[in-house]
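All of the numbers you see were taken from the coordinates with simple rules; none came from a lab. Fair warning: this is a prediction, and the values are worked out from it, not measured in the lab. Here the Cβ positions follow ideal geometry from the backbone for every residue, glycine too, while neighbour counts run over all protein chains shown.
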Amino acid sequence: MSASSRFRSRRRLVSALSGAGTLAAFGALPRAFAAPVGSSGALGLAEIPDGMLAEQYLYALPGKVPLIKKTYRPPNFETPIEYFRTPITPNKAFFVRYHLAGIPQVKAADWALSVAGDAAGNMAPLTLAELKKNFKQAEVTAVCQCSGNRRGLFEPHVPGVEWGVGAMGNAVWRGVRLKDVLAKAGVKKEAVEVVFDGADHAPLPKTPDFVKSLPVDVALSEDVLIAFEMNGEPLPHWNGFPARLVVPGWTGTYWIKQLSSVKVMASPEKNFWMSTAYRLPRGLFKTPTFSSQLYSPNEPITAMVVNSLITSLRNGQRVDRGKPLEVRGVAWDRGEGIAKVEVSIDAGAQWAEAKLGKDLGRYSFREFALSVPVHGDGGRVVMARATSKSGETQVEKLIHNPAGYHHNVIQRIYVEVA
Amino acid sequence: MRRLALLLVPAIGLCVAGAAAGQENKVVLKDGPGKDKAMQCVACHSGDYLPMNSRFLDKAGWTASVNKMINVFGAPIAKEDVETIANYLAANYGKPPAK
């Protein structure tokens, strides 16, 4: 059997497993079950498109460990699941996501941040040294998750970067509060949005530059940082060196890398990336509303939905009879905090509460673990369901939307006890 | 084709500053009618964007994608090439016909 045909047959097996819900649907499984790199079917979720699965493999960008290559240019690289077995994602394994292929190497000494806009006072651009010295430093542990994390799992599939589960990471971000920088410039009462631009650009001048805005009240909140450190080190180049925006709770699209310009504006930002991209049918999700951006039938994506990831089991795995099932993983939400993670090993008939790990802050990954005794043998379907402190819980069935955002469907991992 | 080559060379030269760029030679697109026109896509992004979005788009889906590249992102692709490119994509990276 050639490598590629072996690959294809495994893939068929994985996708056959991922869609089915009942134990009766499963037959015997191969003892050594090896799924292709970055298979979401292997995690008890719907499978990413077959073209993507065949095209992706591990590749190390300079300064990074091998990550799951989605695309080279612009670079889109996903974090493999093993790096989610600790609550903090190492910098070298942190996912990479760019929209535009022109990514300059910015030197710390050359970097300057312009603070301006029609609803801001005058202020000279800030150097990195000034940013670090003139403002009180602050730290937050927060999940950065791409809006389209798990897009590849949408059924029917939708176009875009076909992410599996690893377009996310959790880090300790250190920087200064955006509100302190804006206070220095002065925010006028007519301010509606704060608009952010980074140093990246498109190969073609006609392509809309990647520019994003936040509601002024979010921009002025305590938690939003201009960060220059990640897990105690300077930001990696691929994650926004020398400084990036950190918007805890909100999806990664707002976390502008290589931040170069902040503008306080009296009117909404209507470039393509705000007015057309990163939008959801209005009211489909119970997330915060971006009220200055409601000028069309849809609305911008804002904060994350509650979610979890089981990291200790693989679909099709054989588990020794007589030993408990060890169900471990991470859970997160938009900053309400994780109230509980429940685990089921009988396809959702009964649930038991997992033990939560150390609370690293309301925006952080929260570890969970449960050792579940197993009586008898045969197939088991393992699930984990996170609930936030506001009562939001993961969904049984996908809430489909055209751009493939907010996938938080409960995993169904089939294991064979023998 | 000469015009295409002239167009591609500076565009690629401009945007391959990223370190991963050399690696993208590993991405080989399928041979088929219209591939030469479809190679205009790689002026702005690596070829892996095409197999990544397979195989679930039909010709209408691929046509919409190509038109988005032109109308939203400003890709300098001639209108008369859209059909050829969409045919290439639908044939090589399109939704398999219903059984």
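Structure data summary
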read-out: Dipole magnitude of the protein assembly as shown about its Cα centre (Cβ charges: Lys, Arg +1; Asp, Glu -1), debye to nearest 20; value: 700 debye
read-out: Exposure proxy ranking, count of Cβ atoms within 10 Å, fewest first, for A:333, A:209; value: A:209, A:333
read-out: Contour minus Cα-Cα distance for residue A:321 and residue A:284 (0.36 nm per residue); value: 9.0 nm
read-out: Other-chain or far-sequence residues with amide H under 5 Å of residue A:311's (modelled H); value: A:328, A:329, A:330
read-out: Relative contact order for region A:108-300, counting Cα pairs under 8 Å that sit 6 or more residues apart, in percent; value: 25 percent
read-out: Fraction of alpha-carbon pairs over 18 Å apart in region A:181-258 - percent; value: 46 percent
read-out: Scattering profile of region A:68-152 at q = 0.10, 0.11, 0.14, 0.15 Å⁻¹ [log10 I(q)/I(0), Debye over alpha-carbon scatterers]; value: -0.43, -0.52, -0.81, -0.89
read-out: Which of A:213, A:172, A:202, positive extreme of dipole for region A:172-217 (C-beta unit charges); value: A:172
read-out: Region A:113-125 - phi-based ³J(HN,Hα) in whole Hz, Karplus 6.51/-1.76/1.60, Gly and Pro as x; value: 10, 8, 10, 7, x, 6, 10, 10, x, 7, 7, 6, x
read-out: Those lysines that a straight Cα-Cα span of less than 23 Å connects to residue A:286, excepting residues fewer than 8 apart in one chain; value: A:212, A:340, A:389, A:397
read-out: For A:48-55, mean number of other protein chain Cβ atoms within 10 Å; value: 6
read-out: Too-long pairs where the Cα-Cα distance tops 21 Å, listed order kept, from A:132/A:189; A:70/A:257; B:35/B:95; A:184/A:263; A:69/A:206; value: A:132/A:189; A:69/A:206
read-out: Kirkwood hydrodynamic radius of chain A, from inverse mean 1/r over distinct Cα pairs, in Å; value: 22.2 Å
read-out: Span from the region A:42-121 Cα centroid across to the region A:155-179 one, whole angstrom; value: 8 Å
read-out: Where labels lie 7 Å past Cα in the beta-carbon direction, separation of residue B:25 and residue B:59 in nm; value: 3.6 nm
read-out: Counting all C-alpha pairs of region A:108-300, share separated by more than 25 Å (%); value: 35 percent
read-out: Cα lying deepest toward the dipole's positive end in chain A, options A:117, A:274, A:407, charges on Cβ; value: A:407
read-out: Relative contact order of region A:306-398, pairs being alpha-carbon contacts under 8 Å that are 6 or more residues apart, as %; value: 36 percent
read-out: Relative contact order computed over chain A (Cα-Cα under 8 Å; 6+ residues apart), in percent; value: 17 percent
read-out: Cα shape, region A:82-125, gyration tensor, a/c 1.5 rule; value: prolate
read-out: Length added when fully stretched, residue A:291-residue A:358, from 0.36 nm per residue minus Cα-Cα; value: 20.6 nm
read-out: Neighbouring partner chain Cβ atoms per residue of B:37-47, average, 10 Å criterion; value: 3
read-out: Sorted by Cβ density within 10 Å, fewest first, the residues B:37, A:270, A:179; value: A:270, A:179, B:37
read-out: For region A:331-347, 3J(HN,Hα) per residue [Karplus equation, 6.51 cos²θ - 1.76 cosθ + 1.60, θ = phi - 60°, Hz, x = Gly/Pro]; value: 9, 7, 8, 8, x, 5, x, 7, 7, 7, 10, 9, 10, 10, 10, 10, 6
read-out: Extended-chain gain in nm, criterion 0.36 nm per residue less alpha-carbon gap, residue A:108 and residue A:139; value: 9.1 nm
read-out: Dipole axis of chain A (+1 Lys, Arg; -1 Asp, Glu on Cβ), positive-most option in A:374, A:88, A:106; value: A:374
